[in-house]
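Laboratory data are not the source of any read-out in this text; all were calculated from the coordinates shown. Just so it is clear, the structure is predicted and the values come from calculations on it, not from any experiment. Don't worry about glycine lacking a Cβ; one is built from the backbone with ideal geometry, like all the others, and counts go over all protein chains shown.
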Amino acid sequence: MATLRSLAMNALRLDGFWSITEGLAALTHDIRGLLSLLWWRESFQALSAT
């Protein structure tokens, strides 16, 4: 669990969120932003096409 938490924190930091709370609040209802944060471009493009 600690590894998953560290990965999530690092992904948020790479996207420019230094506050974990701020990053979670910004991405809570933004599925496209979350997918782009996780580098799932194929999924992001599929959602954009619909």
If you rank Asp15, Asp30 by fewest surrounding Cβ atoms within 10 Å, what's the result?
-> Asp30, Asp15
³J(HN,Hα), Karplus 6.51/-1.76/1.60, whole Hz, each residue of the range 26-35, x for Gly, Pro | 6, 9, 4, 10, 10, 5, 5, x, 5, 5
Multiply the residue gap between Thr21 and Arg5 by 0.36 nm, knock off their C-alpha separation, and tell me the result in nm, one decimal place.
-> 4.5 nm
